[in-house]
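Visitor: So that we are looking at the same thing, I have put the structure below in structure tokens.
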Amino acid sequence: MTSLESKQGPRAQNVSVTDDALVVDLVDGRTLTVSVPWYPRLSQADAEERADWELVGSGQGIHWPKLDEDIMVNHLIEGRRSAESRDSLAKWLLGRARAIR
């Protein structure tokens, strides 16, 4: 690992999401797999929404624009689940339901 990489922290290079797993390939060769239910917005998303992601911060984070979801790679490594409150998720779900109508 170069000194630049160590200053930036762990960085993602590829992401895939199934109904059960969020899989993140890191630039250093590791692969992280976490449970999708840890992230309620990903859990509620369809396959197309889950596939629409982008790397942010040179791969330090992952953003799903259609879901307004952001996950930091270092949080995945630390085993952190979504910190979104129930109220926030409920508002998001309500907005989502209205958009479908």
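Visitor: Select from the range 23-44 the residues that are in contact (Cβ under 8 Å) with a residue 24 or more places away in the chain and of a type outside the set (S, T, N, Q) and list them in ascending order.
Guide: V24, L26, V27, D28, L32, V34, W38, Y39, P40, R41, L42
Visitor: In addition: Would you point out the residue of the range 61-101, among those that are outside any helix (DSSP H, G or I) and more than 11 Å from the chain's Cα centre (by Cα), that is modelled with the lowest pLDDT?
Guide: It comes out as R101.
Visitor: Across the range 46-60, what is the number of residues that are without any contact (Cβ under 8 Å) to a residue 24 or more places away in the chain and not in a helix (DSSP H, G or I)?
Guide: Summing the residues that are without any contact (Cβ under 8 Å) to a residue 24 or more places away in the chain and not in a helix (DSSP H, G or I) in the range 46-60 gives 4.
Visitor: How many residues, within the range 3-17, are over 10 Å from Q60 (Cα atoms) and either of a type in the set (K, R) or at pLDDT 95 or above (or both)?
Guide: So the count comes out to 5.
Visitor: Restricting to the range 64-100, give me the number of residues that are hydrophobic (A, V, I, L, M, F, W, C) and touching a residue at least 60 places away in the same chain (Cβ under 8 Å).
Guide: 2
The values are calculated or read from the model by the stated rules, or taken from the named source; none is laboratory data. These figures come from a predicted structure and were not determined experimentally. Please note: Cβ atoms are built from the backbone with ideal geometry, for glycine as well, and neighbour counts cover all protein chains shown.
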